[in-house]
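Have a look at the structure below, then the notes.
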Amino acid sequence: MAYQETMKQRSKDNFLESRDDLKILVVEDNLMICQLIGLILDSFHCRLTLADNGKIALEKLQTSRFDLILMDLYMPEMNGLEATSLIRSMERETGEHIPILAMTGFPLRNGYEYCINAGMDDYLTKPFDITDFLGAIERLTHIKLEELVQ
């Protein structure tokens, strides 16, 4: 209950923030999905930052560093594929690589290959299985989430 009360008190931009062991940018326009991700990852002390669309995600990447990006494919203003393309262009200049986990509620035929070819590192359909979701995060970050629990 305390978590739900805390969620109500936080603003939309920072309501998901927790501890800063693992910094994750959540690029998702559905607030309920963001809240679900927050509930799942709360016990792992991740620091989650919300971006409603790809354009806002790019702005946040200019000022903050992230260990992982959870990217919805279909959003207004700038979708996940466009944002990923621009992120990968920026990375070519810096030599860095931030893993991107594609998430979509609209499964694509050959979705995994499509997202990998677009520059993403992995792909999940929503609703996702929590074990698959946590497994993808561990694979992409090379961090065992259970080690973040204190």
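Looking only at the range 41-56, filter to residues that are over 20 Å from ILE130 (Cα atoms) and of a type in the set (A, V, I, L, M, F, W, C); which one of those is surrounded by the fewest Cβ atoms within 10 Å (Cβ to Cβ)?
Step one: list which residues in the range 41-56 are over 20 Å from ILE130 (Cα atoms), which gives 51-56.
Next, from what is left, pick out any that are of a type in the set (A, V, I, L, M, F, W, C): 51, 56.
On the way: ALA51: 26, ILE56: 20.
Filtering first and then ranking leaves ILE56.
Residues of the range 47-72 being of a type in the set (A, V, I, L, M, F, W, C) and over 11 Å from the mean Cα position of the chain (by Cα), which ones?
The answer is ILE56, LEU58, LEU61.
Could you give me the residue pairs with C-beta distances under 7 Å whose first residue belongs to the range 54-66 and is more than 15 Å from SER85 (Cα to Cα), whose second residue is small (Gly, Ala, Ser) wherever it lies, and which are 6+ apart or on separate chains?
Correct list of pairs: LYS60/ALA51.
Give me the residue from the range 116-150 that is in contact (Cβ under 8 Å) with a residue 60 or more places away in the chain and assigned to a loop (DSSP other than H, G, I, E, B) and, out of that set, nearest to ASP67 (Cα to Cα).
ILE143
Can you list residue pairs whose Cβ atoms sit under 9 Å apart, with the first residue in the range 91-115 being exposed (fewer than 10 other Cβ atoms within 10 Å of the Cβ) and the second being at pLDDT below 90 and assigned to a helix (DSSP H, G or I)? Count only pairs 6 or more apart in sequence or on different chains.
Partner pairs satisfying both residue conditions: none exist.
Assess whether LEU41 counts as being within 14 Å of the chain's Cα centre (by Cα) and at pLDDT 95 or above.
It is false that LEU41 is within 14 Å of the chain's Cα centre (by Cα) and at pLDDT 95 or above.
The values are calculated or read from the model by the stated rules, or taken from the named source; none is laboratory data. On a predicted model such as this, the values are computed, not experimentally measured, just so you know. Neighbour counts are summed over all protein chains in view; Cβ atoms, including those assigned to glycine, are modelled from backbone coordinates with ideal geometry.
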